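Values in this text are rule-based calculations from the coordinates and carry no lab data. Keep in mind that what you see is a predicted model, and the values were worked out from it rather than measured. When we count neighbours, we look across all protein chains shown, and the Cβ atoms used for this are built from the backbone with ideal geometry, even at glycine.
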Amino acid sequence: QVQLVESGGGLVQPGGSLRLSCAAPRIIFSAYTMGWYREAPGKQREFIASIAPSGGDTTYADSVKGRFTISRDNAKNTVFLQMNSLKPEDTAVYYCNVVATNFWGQGTQVTVSS
């Protein structure tokens with residue numbers, strides 16, 4: 001079983017920032033595109049961002065483009081999601097994923113509220 005370990009969620013005011021981290025096993029991390037998804041109450045899980053194994057190719061959902069940045073540190077087997085200018089509608093449980101597999105993290109709660 002592949003274990004992805006997420007951290008960095010929390011409560012932040014609108015306009016604030018958070019950085020999420022997701023650590024994965026080396027054997028998986030170095031070969032796969034990594035992604036972030038989120039699931040808000042009553043809504044389906046949605047794609048947020050992905051990053052290729054080399055880190056040179058990234059993709060973002062329109063809803064977060066220009067505010068969120070995905071990156072990876074291949075030496076530490078960790079993928080990050082820097083979230084700036086957060087809005088209340090960004091409130092959700094955020095999950096990391098090994099793209100094109102069924103390997104998911106446990107999720108980390110992000111709440112944007114004043």
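Note on the range 27-114: along the principal axes its Cα atoms extend 39, 26, 21 Å, ordered by decreasing extent.
Paramagnetic label reach from Ala40 (point 7 Å along Cα→Cβ; backbone nitrogen cut-off under 18 Å): within the range 94-110, residues 94-95, 108-110. Per residue of the chain, the DSSP helices (runs of n ≥ 4 H) give a summed -39500 (n - 2.57) that works out to -500 deg cm²/dmol at 222 nm. Residues whose amide H falls under 5 Å from that of Phe103, counting only those 5 or more places apart or on a different chain, are Val98, with hydrogens built in the peptide plane.
Using just the Cα positions, wrap the range 1-42 in a convex hull and report its mean projected area in square nanometres, one decimal place.
That works out to 4.5 nm², a quarter of the Cα hull's surface.
In order along the range 55-70, phi translates into HN-Hα couplings of x, x, 10, 10, 9, 9, 6, 4, 5, 10, 4, x, 10, 10, 9, 9 Hz, rounded to whole numbers, per the Karplus curve 6.51 cos²θ - 1.76 cosθ + 1.60 with θ = phi - 60° and x for Gly and Pro. Within the straight-line cut-off of under 21 Å between alpha carbons, the lysines reachable from Lys87 are Lys43, Lys65, sequence neighbours fewer than 8 places apart in one chain being disregarded. Applied to the range 10-18, the Karplus parametrisation 6.51 cos²θ - 1.76 cosθ + 1.60 on θ = phi - 60° returns per-residue 3J(HN,Hα) values of x, 9, 9, 7, x, x, x, 10, 9 Hz, with x for Gly and Pro.
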